[in-house]
1. Which residue fluctuates the most in the chain, going by a Gaussian network model with Cα springs under 10 Å, if the choices are PRO139, PRO101, PRO165?
2. How many nm is it between the label spots at LYS112 and SER33, if each spot is 7 Å from the Cα in line with the beta carbon?
3. In Å and from the alpha-carbon atoms only, list the Rg and Dmax of the range 26-174.
4. Scan around ALA201 for amide H atoms under 5 Å from its own, H built in the peptide plane at 1.01 Å from N, and keep only partners 5 or more places away or cross-chain.
5. Might you work out the accessible area of ILE56 for me, using a 1.4 Å probe with all protein chains in place, and round it to the nearest 10 Å²?
6. Note the angle between two axes, namely the Cα long axis of helix 240-274 and the longest principal axis of the Cα atoms of the chain, as a number of degrees from 0 to 90, rounded to the nearest 10.
7. When 1/r is averaged over all different Cα pairs and the result inverted, which Kirkwood radius in Å belongs to the range 242-322?
8. Which distance in nm do the two modelled labels at GLU240 and LYS322 give, with both placed 7 Å along the Cα-to-Cβ direction?
Amino acid sequence: MNIKTLGAAALIAASATVAHADDWTAYTYSSVSTTSAVKGMQRIVDRAAEDSDLTIDLHLGKTLQIASADITQAVGDGIIDMAADFFFSGSVPIARVLNLPMLIENDEEWAKAYAAMEPTLVEAFAQQGVVLLGGYRYPEQTIFTTFEISSLADLEGHKIRVTSPEQGKFVEMFGGAPITLSGSEVPTSLERGVIEGVLTASAGGAKNWHEFLPYNYRFAVNYGNSMIIANQDSFDALSEGTQTKLREIVAEEGPATTAAFLEDEEAQKASQSEAGMTLVDAAEGDAEMAGEKLAPFWESWAEENGPEYVEALATVREAIGK
């Protein structure tokens, strides 16, 4: 935890000493109130206030001095009571099995894989002092570029921004150079040629960066998801009825947020196309070829991380029949 986070911890902890047990502080990584992610969290907050004795004060990303990568830890440490966390994989790395490129390729496979992994995820978050209440998923991560692209072969020699080592491996396998940058660095990096493309969703990063990205290759590399989590002690302090109600609300609003993202994805694709972006369907054979190339990486990734990862990968593959 950095010094700024410790400062936020002291401030929130001080206020918590006088707060009622059912007055919570929540945080989301997203700093834009109009996104489906924030709207979903706001619905949870509003419904909790209406249907239970739980009051939740929601803070947007960057309004508290908590780094995105520290959100799970901040919840586990009781700095905040609840969060929507897209950057949980540093604290709960086994969850990254769901984000391996080319492993999960459609909505049906995602639903089966997540259901199979959920008990493991619940236990992994519990080890961090965190209750996993639910979550939501972004649309598929596709390839947006400054250069013409009509197949994966066109990635060769180009610098592509990625958000995980696993995405980086995908880019490397097709001759590209993966570069990790924060979202705030992307527009300037595209302008200066530091990067020539990004892996994101039309309703995700491309919603803000589309003016710099004239091409979109509609090839689904992987999926990204966010977890909705709560501090274990804070959750345990709630009445049984409030615990049940909060779980029910999240169980409804998580999938509703996913559905909102999928709807927005189609709207953004249309508006981006109308604004001049060239959208290219995945070339025939690219998906099958990429799956074959990445399958050995899934195995090596799991083996390098340990037996529990090997088991997690086997669980997912059995669930989706791969």
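The values are calculated or read from the model by the stated rules, or taken from the named source; none is laboratory data. The model shown is predicted, which means the values in this text are computed figures rather than measured ones. Every residue, glycine as well, gets a Cβ built from its backbone with ideal geometry; the counts of neighbours run over all protein chains shown. Ligands, DNA and RNA are stripped out before the accessible areas are found, and what is left, the full protein with its side chains, is counted by its heavy atoms. Shrake-Rupley method; radii C 1.70, N 1.55, O 1.52, S 1.80 Å.
1. Among PRO139, PRO101, PRO165, the largest mean-square fluctuation in the Gaussian network model of the chain belongs to PRO165.
2. For the pair LYS112/SER33, the computed spacing is 4.3 nm.
3. 17.6, 57
4. Amide H to amide H, under 5 Å and 5 or more residues apart or across chains, ALA201 pairs with THR142, ALA206.
5. The accessible area of ILE56 comes to roughly 10 Å².
6. 30
7. By the Kirkwood definition, the hydrodynamic radius is 16.9 Å.
8. Computed distance between label sites GLU240 and LYS322 equals 4.2 nm.
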